[in-house]
Every structure is written in C-alpha cells, then in structure tokens.
Amino acid sequence: MTTTSRPPSAIPGPTDVFPRAALLLDMDGTLLDLAPRPDEVVVAPGLLDHLARLHAALGGAVAVVTGRRLDDVDRILHPLRLPAAAEHGAILRPIPDAPPRQGLLKPAPAAWRQAAEAFVAAHPGTLLEPKSAGFVLHYRLAPDRGAEAHALMRGFADSGQGFDLLRADHAWELRPGGVHKGVGVRALMAEPPFAGRFPIFVGDDVTDEDGIAAAVALGGQGFLVPDSFGTPAGVRAWIASLAEHAHAPAP
C-alpha cells in the first residue's frame, strides 16, 4: 500500500504550524491510545489543555476528523469542544458552538443491524457500535471471531445497496459509499476558520488514508502515526511541544 505520510524529520515544528496551518487530527490511535472497547478510551493528562491552546493560537483551525459519532467526540473531550468532521465526514461542525450539519445518508437496512446484534449476542467479546447510517462490528476482545465478523459484514457490503466495508483495528465498519475522511477534510478546509490555511492531517490506519490524500492534494501534509510518530504518545508529545510555542492571535 502506498501512503502519503512523511518521514519523522519532516514533522512540522512551530515555525511550520504558526500562524497559518490547520491541524486535522484523528482520535483513536492518534490522540488517544486504543482501548479494548471504544467507551474505555482515556484522555491523557494535559492533552485537552494543549489542544485548547492550539485551537486559540490557530484561530479555531484545530479539528477532530474521526469515524466516531459527534456526541462521542464531545463526551470524550469534555469540557473542550472542537470543530469536527465525525463519522468519516458525514457529520460536519466547522465552528464548535454551531449546530452540526449532516449529509443525506441512506441508513443501513434494519435487518442488517438485527443480524449484527444477533451475532454479538451469540459471540461474547464482540461489540456493535452504531452510527447515524452504518455501524461497526468490533472483535478486539474476541479475536478468534474476526473471520466470522468479516464474513457477515462483507455480505452486507456485497449486497449492492451502496455501502462500503472498511477494516479497522480489530473491527469492521460498514459505511455509506462515498463517505470518507477525505470528504471531511475537504469540507472543513472550504470554510472558515480553515479556508486559506495549510492543512496538516494526522491519522493512524487505513481509514485515514483518504484524509491524508486530501490534505496533500490541498497543498498540505499528511502523516501516519506508526510511520512518523510511532505511537499516540508521540503525537501527544508533538502537540505538547507546539502548545509550548502557542500564542493566541492579537484581537
């Protein structure tokens, strides 16, 4: 697989970021360490303060671009509220206090969700994570069920009803076709406070490749965590180093 990530030596420093960059950051596996269950992630000490300082210094151009639901983003980062492209760009909120916008998404058939729920009930350790239109089937706590989970979800995606199947870390996600993080990046970068800035996207897995490609196509940069930062701790250390040099713009 060809990626657009850059070597560690090219990671932007303060002079590259301030004052004209826009930071577009994935959550799980990037800002946050992965957890056995999506609701068990932990926000590292200092992260919210560092993100808040960067948000102020960059005039609001710091966003979360994630496959998670927007409600989950706000709950996890509470009390910090950031711009976001949630559910792979299906839900857009360029301004933290503005109402989010949702595209016209075709929901997955109810029978699919029922079948996935039955699978989870029959296989302890698996977990169903609902989204606005699709859903995610997790098997991190039941790794021996990965092949069966894939077969079930692949059957849905191959039904010709306009849904794509994405592989994540010990999970398979079903999402409406044409929705991906590249859509979220492009949508954010077309609106204030992001428009006219230099996009820097950071993500950790294959679902972030589209976001990286979009950032690069817009003249910016994209980084995969394993290649450029090693771990989410490396990303957080980079964010902390930027926050040390952050100064809110003059009114």
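Would you compute the Debye intensity of segment 14-145 from its alpha-carbon atoms alone, equal scatterers and no solvent, and pass along log10 I(q)/I(0) at q = 0.09, 0.10 Å⁻¹ to two decimals?
Log10 of I(q)/I(0), two decimals: -0.32, -0.39.
Need one number: % antiparallel among DSSP beta bridges in the chain, to the nearest 5.
Once the DSSP bridges in the chain are tallied, antiparallel ones form about 55 percent.
Quick one: compute a quarter of the convex hull surface over the Cα atoms of segment 126-168 and quote it in nm².
Taking a quarter of the hull surface, the average projection is 3.0 nm².
Counting only protein heavy atoms and using a 1.4 Å probe, what share of the accessible area of segment 1-126 belongs to carbon plus sulfur, as a whole percent?
Percent of accessible area from carbon and sulfur atoms in segment 1-126: 58.
Hey, what's segment 94-251 come to in accessible area per residue, 1.4 Å probe, Å²?
So segment 94-251 comes to 45 Å² accessible per residue, rounded to a whole number.
Mind giving me the nanometre distance, one decimal, between the label points for HIS245 and ASP49, set 7 Å out from Cα along Cα→Cβ?
Placing both labels 7 Å along Cα→Cβ, they lie 2.1 nm apart.
Helix-derived [θ] at 222 nm for the chain: sum -39500 (n - 2.57) over DSSP H runs of at least 4, divide by residue count, nearest 500?
-9500 deg cm²/dmol
May I have the extent of the alpha carbons of the chain along their three principal axes, as whole Å values ordered from largest to smallest?
Principal extents (largest minus smallest coordinate, Cα): 57, 37, 33 Å.
Please state the charge dipole magnitude for the chain, taken about the Cα centre, from unit charges on C-beta atoms (+1 on K and R, -1 on D and E), reported in debye and rounded to the nearest 20.
The dipole magnitude comes to about 520 debye.
Once label points are set 7 Å from the Cα along Cα→Cβ at both GLN102 and ASP16, what is their separation, rounded to one decimal in nm?
That separation, rounded to one decimal, is 3.8 nm.
The values are calculated or read from the model by the stated rules, or taken from the named source; none is laboratory data. As the structure is a computational prediction, the values presented were derived from the model and not from experiment. Every residue, glycine among them, receives a Cβ derived from its backbone with ideal geometry; neighbour counts consider all protein chains shown. Heads up: the accessible areas ignore ligands, DNA and RNA and are worked out on the full protein's heavy atoms, side chains in. Shrake-Rupley method; radii C 1.70, N 1.55, O 1.52, S 1.80 Å.
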